[in-house]
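Enquirer: Just dropping this structure here.
The values are calculated or read from the model by the stated rules, or taken from the named source; none is laboratory data. Because the structure is a prediction, the values reported are computed rather than measured. We place every Cβ from the backbone using ideal geometry, glycine too, and count neighbours over all the protein chains shown. Surface accessibility is based on the protein's heavy atoms, side chains included, excluding ligands, DNA and RNA. Shrake-Rupley method; radii C 1.70, N 1.55, O 1.52, S 1.80 Å.
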Amino acid sequence: MNPPRRGEIHLGELLTVLATLQPGDAATARAIAASLGFGLSAAPDIATSTKESERIYDRSQQRARRQASQMAAKKPSGFDAPPRSPAPVDLPAQKLRATLQAIDPQSPSAFPEKPAWISSGYQRLDLQRTIPLPRASLFPARTMRGVFTAALSTPRAGEQLDVDALLRHLIAGRLPRALPRLPEETLARGCQLLLDFSDSMLPLWEDLRHLSQQFVDVLGRERVSVFEFDTLPGDAHCWPPEGGDPVPWQPEPGRPVVVATGFGAPDRRARFAGDGWHDFVARCARQGSPLNILIPWSPACWPRDLGPHARLVHWHERTSAAMLSRRTDRAGAWPR
Amino acid sequence: MSKQASWELVPAANACFAGDPDRKIDPYLFSAEAVTALRVALATQRPLLVEGLPGCGKTCLAEALAAEIGWTFLCETITSRTRLEKLTVEVDHLSRLHDAQRAAAIGGAPALRADEAYYRPGVFWWAFDRDSASTHGLSADARQCGVCAALPGIERTRKAPPHGTVLLIDEIDKAEPDLPNDLLEPLDRRGFRLPNGKYVSASPERELLTVITTNGERELPQAFLRRCVRLVLDEPTPDRLVAIARKHYDGANRDRVEALAAKMTEFRAKAREMGRRPPGTSEFLDAVRACEALDVRISADDPVWRQVERAVLLKPGEPESATKADSESAA
């Protein structure tokens with residue numbers, strides 16, 4: 001019989017350890033609690049194609065909206081008025097005695113003096129002393145790893161022998177030229193991350209920076225190359241840490257490319273520059289670089305003619321690894 | 001006399017392991033934080049996750065502890081190709097295929113051994129159940145003759161219990177992101193299943209301390225972190241650097257070591273300003289060794305020191321602003 005799983009570290013273990021080790025002082029007790037995760041301090045925290053791109057989008061929202069609208073449409077007339085609130089409960093008539101007591105009004109001199117800063121001139125807040133507000137991520141921590149792994153995994157020959165393939169060769173009476181090995185998914189190639197810092201993405205600039213940190217957290221700093229662009233990803237560049245001229249983006253053979261962009265939406269003045277995007281997709285395809293495009297807006301703002309090489313992913317908290325793993329069929333329809 | 005608890009074996013804070021030149025294990029100075037975390041990990045029987053910059057002594061901590069308390073030491077360094085099977089059990093299909101071909105060629109079956117004989121035990125198997133790891137797949141006769149596979153680590157036996165093993169899983173952040181999640185099962189249950197369905201579980205007679213190290217290159221999954229006792233090895237203070245250097249190089253010139261420790265603080269601050277990795281304790285020790293061997297004076301106008309500084313602490317390719325600043329101030 002398998003031994004039971006112990007699960008995550010819990011409060012009972014902290015109490016047991018404190019009873020066992022019997023720390024002599026509060027500092028040691030705090031150190032013990034911190035090592036078990038009970039510290040009170042914050043953690044060191046193609047060308048134009050008729051084929052559609054794969055579109056990763058959570059349809060449940062649409063379905064829920066559609067169902068709601070269908071239900072509303074099916075409602076017979078006469079039921080549109082809101083339900084009446086229940087009749088009030090009868091309470092016994094009685095008079096309650098007030099417990100509030102009047103206080104003597106204080107003279108103006110009894111109040112403390114006005115603080116000096118009220119009458120002083122305008123001052124900027126000291127940002128160093130402000131506490132950063134917690135920020136909700138468009139890819140939450142619970143799904144981030146799975147989504148990135150599903151989006152960026154590339155196959156490579158694994159170390160495990162493909163016994164089935166080997167047996168097929170032997171049964172057929174021929175020796176394979178090379179030992180067949182089972183493919184395995186890897187993130188070893190990392191990715192090139194292209195971030196759209198155009199004006200239309202201004203509300204999301206902080207999210208773009210956070211997104212690049214998320215990629216670094218999952219893939220490692222050495223495996224993520226971050227580039228920035230304005231409007232067209234083919235013009236992306238990065239700034240070398242040692243200074244100097246910006247380095248233009250070039251696709252690397254087989255290395256996945258991730259673009260975070262809004263395609264100029266929702267700014268209506270900005271237009272989707274189709275040709276530039278098609279050239280960009282074609283360059284990625286020629287180098288065999290898988291291309292994922294993260295879009296924060298709804299599918300209504302997504303281009304439809306980027307071809308099958310680009311995979312359009314909704315940059316949204318409801319996007320999950322399972323949605324990326326499910327493949328659309330040839331016609332671009334969703335699997336049932 | 002009651003049996004000594006395993007956590008009581010951990011040396012006191014600031015105790016020093018003198019080193020083992022025969023096995024090439026360096027001296028180690030146990031910090032108070034490390035001692036507390038080691039005791040907690042042993043008392044809770046949870047894996048210890050040691051975090052810190054490269055060269056801060058994460059790997060040495062596990063080696064030194066095992067040597068200090070007389071426990072067997074096993075180590076597996078993780079790479080991007082490491083899979084759970086490598087740590088638990090792999091099946092050697094090639095040997096099996098070879099034996100099958102040979103059996104067919106010589107017209108008999110004896111060349112083909114039992115399936116278990118083709119299992120290659122990983123460090124978890126050795127750590128959980130050493131007996132079965134060393135004798136699996138062997139015939140009864142072979143066992144009687146004392147034939148067994150050799151332990152892939154350093155074997156030690158204490159005179160008195162508790163006996164145990166320190167298992168080091170080094171640099172887990174180099175693995176594919178799924179591996180930490182795969183490790184939850186063997187770490188949680190202290191056991192795993194073999195391909196033939198048998199279950200290998202940790203022997204209750206032997207204690208086990210699993211030490212997992214990470215350079216923080218990648219973030220580890222929350223489910224994994226919540227099952228580990230965590231220890232963050234911070235950068236040592238200059239005083240501590242001096243103490244560490246004196247344990248490694250007893251006869252080192254104290255003034256020179258102190259000057260080097262002060263330089264380390266300066267280089268770390270500059271490295272952070274430039275967004276680079278600051279030099280670690282191991283690089284500091286390299287610098288001490290180099291300066292002692294070459295009798296270098298820690299001064300900007302000493303060309304040998306400037307070369308040592310660049311080669312050992314700043315490393316080639318890194319900006320030389322610190323060196324330039326020193327030169328300018330010296331001028």
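Enquirer: Evaluate the charge dipole of region B:238-321 about its Cα centre and quote only its size in Debye, nearest 20, assuming +1 on the Cβ of each Lys and Arg and -1 on the Cβ of each Asp and Glu.
Expert: 320
Enquirer: Can you give the local net charge around B:A37? Use residues other than it whose beta-carbon is closer than 11 angstrom to its beta-carbon, Lys and Arg +1, Asp and Glu -1.
Expert: +1
Enquirer: Enumerate by residue number the trypsin sites (Lys or Arg not before Pro) in region A:137-242 meeting two conditions: DSSP loop (anything except H, G, I, E, B), and at most 14 other Cβ atoms within 10 Å of the site's Cβ.
Expert: Hits after loop and neighbour filter: A:R174, A:R177.
Enquirer: By how many degrees, 0 to 90 and rounded to 10, does the Cα axis of helix B:321-330 deviate from the longest principal axis of chain B?
Expert: Roughly 30 degrees, rounded to the nearest 10.
Enquirer: Something else about it: In Å², rounded to the nearest 100, what is the total accessible surface buried by chains A and B against each other with a 1.4 Å probe?
Expert: Approximately 3700 Å², summed over both chains.
Enquirer: Among B:A127, B:A15, A:A165, whose Cα sits farthest toward the positive end of the charge dipole of the protein assembly as shown (+1 at Cβ of Lys/Arg, -1 at Cβ of Asp/Glu, about the Cα centre)?
Expert: Most positive-ward Cα: A:A165.
Enquirer: Viscosity 1.306 mPa s, temperature 10 °C: what is the translational diffusion coefficient of the protein assembly as shown from Stokes-Einstein with a Kirkwood Rh over Cα pairs, rounded to a whole number of µm²/s?
Expert: 52
Enquirer: In degrees from 0 to 90, rounded to the nearest 10, what is the angle of the helix B:58-69 Cα long axis to the longest principal axis of chain B?
Expert: Between the helix axis and the principal axis of chain B, the angle is about 70 degrees.
Enquirer: For chain B, give the magnitude of the charge dipole about the Cα centre (Cβ charges: +1 Lys/Arg, -1 Asp/Glu; no others), in debye to the nearest 20.
Expert: Dipole of chain B, to the nearest 20 debye: 700 debye.
Enquirer: By how many nm would the segment from B:M274 to B:R120 grow when fully extended, if each residue of separation counts as 0.36 nm and the alpha-carbon distance is taken off?
Expert: Using 0.36 nm per residue and subtracting the Cα-Cα distance, I get 50.8 nm.
Enquirer: Right, something else. I'd like the orientation of helix B:32-44 relative to chain B: the angle between its Cα long axis and the longest Cα principal axis, in ° from 0 to 90, rounded to 10.
Expert: 20
Enquirer: Here is a further query. Just give the residues from region B:186-229 buried by at least 30 square angstrom of accessible area in the all-chains context relative to the isolated chain, probe 1.4 Å, and say none if nothing qualifies.
Expert: Output list: B:D188, B:R189, B:Y199, B:E217, B:R218, B:E219, B:R226, B:R227.
Enquirer: With θ set to phi - 60° and the Karplus curve 6.51 cos²θ - 1.76 cosθ + 1.60, what are the ³J(HN,Hα) couplings of region A:9-19 in order, to the nearest whole Hz, using x for Gly and Pro?
Expert: Result, rounded to whole Hz: 5, 10, 4, x, 5, 4, 5, 5, 5, 4, 5.
Enquirer: Once you order the gyration tensor axes a ≥ b ≥ c over the Cα atoms, which shape class does region B:209-287 get: rounded for a/c under 1.5, otherwise prolate or oblate by comparing a/b with b/c?
Expert: Judged from the Cα gyration tensor, region B:209-287 comes out oblate (a/c at least 1.5, b/c at or above a/b).
Enquirer: Here is a further query. Applying 1/(1 + (r/R0)^6) with R0 = 45 Å to the Cβ-Cβ distance of B:A160 and B:N253, what FRET efficiency is obtained, to the nearest 0.05?
Expert: 0.60
Enquirer: What distance in nm separates the two pseudo spin-label positions at B:E8 and B:T79, each 7 Å out from Cα along the beta-carbon direction?
Expert: Here the answer is 4.4 nm between the modelled labels.
Enquirer: Next up: What FRET efficiency comes out for the pair A:L15/A:L202, r = Cβ-Cβ distance, R0 = 56 Å, nearest 0.05?
Expert: 0.65
Enquirer: Now a separate question. Please name whichever of B:A243, B:L260, B:A300 sits farthest to the positive end of the charge dipole of region B:238-321, dipole taken about the Cα centre and charges placed at Cβ: Lys and Arg +1, Asp and Glu -1.
Expert: Farthest towards the positive pole: B:A243.
Enquirer: Determine how large the accessible area of A:T154 is when every protein chain is in place; take a 1.4 Å probe and give Å² rounded to the nearest 10.
Expert: 10
Enquirer: Still on this model: Return the distance in nm (one decimal) between the two label points of a simple spin-label model at B:T265 and A:R168, each offset 7 Å from Cα along Cα→Cβ.
Expert: If labels sit at B:T265 and A:R168, their model points lie 6.7 nm apart.
Enquirer: Can you tell me the FRET efficiency between B:A149 and B:D302 if r is taken as the Cβ-Cβ distance and R0 is 51 Å, rounded to the nearest 0.05?
Expert: 0.40
Enquirer: In nm, give the distance between the simple-model label positions of A:S137 and A:S119, each being 7 Å from the Cα along the Cα-to-Cβ direction.
Expert: Distance between label points: 5.0 nm.
Enquirer: On to the next question. Considering only protein heavy atoms, with the full assembly of protein chains and a 1.4 angstrom probe, order B:K174, B:K24 by accessible area, largest first.
Expert: Accessible-area ranking of B:K174, B:K24, largest first: B:K24, B:K174.
Enquirer: For n ≥ 4 DSSP H runs only, could you compute -39500 (n - 2.57) per run for chain B, divide by its residues and tell me the 222 nm figure to the nearest 500?
Expert: So the helix-based figure for chain B works out to -12000 deg cm²/dmol.
Enquirer: How would region B:154-293 be classified by its alpha-carbon gyration tensor: rounded, prolate or oblate, with rounded meaning a/c under 1.5 and the a/b versus b/c comparison settling the rest?
Expert: Oblate, because a/c is 1.5 or more while a/b does not exceed b/c.
Enquirer: What ranking of B:V50, B:V304 comes out by heavy-atom accessible area, probe 1.4 Å, highest first?
Expert: Highest to lowest solvent-accessible surface, that is B:V304, B:V50.
Enquirer: Take peptide A:154-163, look around each residue's Cβ out to 10 angstrom, count Cβ atoms belonging to other protein chains, and average those counts.
Expert: 3
Enquirer: I'd like the projected area of chain B, averaged over all directions, using the convex hull of its alpha carbons. Report it in nm² with one decimal.
Expert: About 22.0 nm², averaged over all directions.
Enquirer: Give the ranking of B:E171, A:E113 by solvent-accessible surface, highest area first, calculated with a 1.4 Å probe.
Expert: Result of the area sort, largest leading: A:E113, B:E171.
Enquirer: Using the heavy atoms of the protein chains and a 1.4 angstrom probe, tell me the accessible area per residue for region B:238-321 in square angstrom.
Expert: For region B:238-321, the solvent-accessible area averages 52 Å² per residue.
Enquirer: While we're looking at this one, here's another question. Could you tell me which of rounded, prolate or oblate describes region B:238-321, using a ≥ b ≥ c as the square roots of the eigenvalues of the alpha-carbon gyration tensor, with rounded for a/c under 1.5 and, failing that, prolate when a/b is larger than b/c and oblate otherwise?
Expert: It is oblate, given that a/c is not under 1.5 and a/b is not larger than b/c.
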